[in-house]
Amino acid sequence: MDPEEGSTAVDNIVTQFNTYEDFLDSQITTVDLYYLEDESLARQLVELGYRGTGEVVKREDFEARKAAIEIARLAERTQKKTLTSAGKDLQDNFLKALAVREDDNRNGKVSSVIFIRDRNSHGQEVSGYIDYAHRLKIEDFEVYFNGKRRLLPRPTDMSFYNWDNHIAVCNSTPNYQVIADNPEGLLFKYKRDRKILNVDPKVKVSTSSDLTTVHREFYRQT
């Protein structure tokens, strides 16, 4: 049996039985108990591979795999609870787009860069690029998905520009390195695969990137 088949067999056994003793008992026959007259001895023989009617699995392998499956189950449950968009009745296209991408951005399957241009609470026009995955980690998005607050770029985001006072700021994030001094314009290098993201809409995006324009009523441009 190759390692992959062995791992699958152990997974099946761990899923089927709550404890290692339950697994051992399933391998013991009435004939074994008749001749041995000792349940503990019968279990030991099965564990050592001398008796039994099925797969031989070591106690440490069973318990290690049982613990790993439980950790994965708890992690999945925790991940589902952290989705702030879950259960929300979202009518806005922009919020729907954020909700669709929330899970994948949280677990690292994808990395989304959001461009927003709008007016802040002071009436000033601002624009910028937001590292969605990073903002999800450092901020509670409940207020956005509830519609209590609008998502706006900040001076701490990947890029920020205030069109009224001409303040421009660029910041690298845990996911992206900002390349500002480039003749082609603002570029972002994704730190995981080191690929360059050119946010100029006139430039053809790479096969690993996807550019989506989302129109919503309450934003000038997203």
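State whether the residues of region 80-100 include one that is at pLDDT below 80, closer than 22 Å to residue 19 by Cα and not in a loop (DSSP other than H, G, I, E, B).
There is no residue in region 80-100 that is at pLDDT below 80, closer than 22 Å to residue 19 by Cα and not in a loop (DSSP other than H, G, I, E, B).
Which residue pairs have Cβ atoms closer than 7 Å, lie 6 or more positions apart in sequence or on different chains, and pair a first residue in region 68-82 that is under 15 Å from residue 14 (Cβ atoms) with a second residue that is at pLDDT 70 or above?
Listed pairs, sorted by first residue: 69/14.
Answer yes or no: is there a residue in region 107-129 that is in a loop (DSSP other than H, G, I, E, B), of a type in the set (Val, Ile, Thr) and over 20 Å from residue 200 (Cβ atoms).
yes
With the requirement that a residue be modelled with pLDDT under 75, out of contact with any helix residue (DSSP H, G or I) (no Cβ under 6 Å at 6 or more places or on another chain) and under 22 Å from residue 126 (Cα atoms), what does region 203-222 give you?
211, 213, 215, 217, 218, 219, 220, 221, listed by residue number.
Looking at 140, 181, 157, can you tell me which residue is more than 25 Å from residue 84 (Cα to Cα), in a loop (DSSP other than H, G, I, E, B), out of contact with any Phe, Trp or Tyr (no Cβ under 6 Å at 6 or more places or on another chain) and of a type in the set (Asp, Glu)?
181
Among what's in region 130-185 and is open to solvent by 80 Å² or more (accessible area, probe 1.4 Å) and among the β-branched types (Val, Ile, Thr), pick the residue that is nearest to residue 196 (Cα to Cα).
Only one residue fits best here, namely 156.
From the list 10, 57, 46, pick out the single residue that is at pLDDT 75 or above, of a type outside the set (Ser, Thr, Tyr), out of contact with any Phe, Trp or Tyr (no Cβ under 6 Å at 6 or more places or on another chain) and surrounded by 14 or more Cβ atoms within 10 Å (Cβ to Cβ).
Result: 57 is the single residue among 10, 57, 46 that is at pLDDT 75 or above, of a type outside the set (Ser, Thr, Tyr), out of contact with any Phe, Trp or Tyr (no Cβ under 6 Å at 6 or more places or on another chain) and surrounded by 14 or more Cβ atoms within 10 Å (Cβ to Cβ).
The values are calculated or read from the model by the stated rules, or taken from the named source; none is laboratory data. Bear in mind that the values here come from a model prediction, so they are computed numbers and not experimental data. Methodologically, a virtual Cβ is constructed for each residue, glycine included, from the backbone with ideal geometry; neighbour enumeration extends over all protein chains shown. Just so you know, the surface numbers come from the protein's heavy atoms only, side chains and all, with ligands and any DNA or RNA stripped out. Shrake-Rupley method; radii C 1.70, N 1.55, O 1.52, S 1.80 Å.
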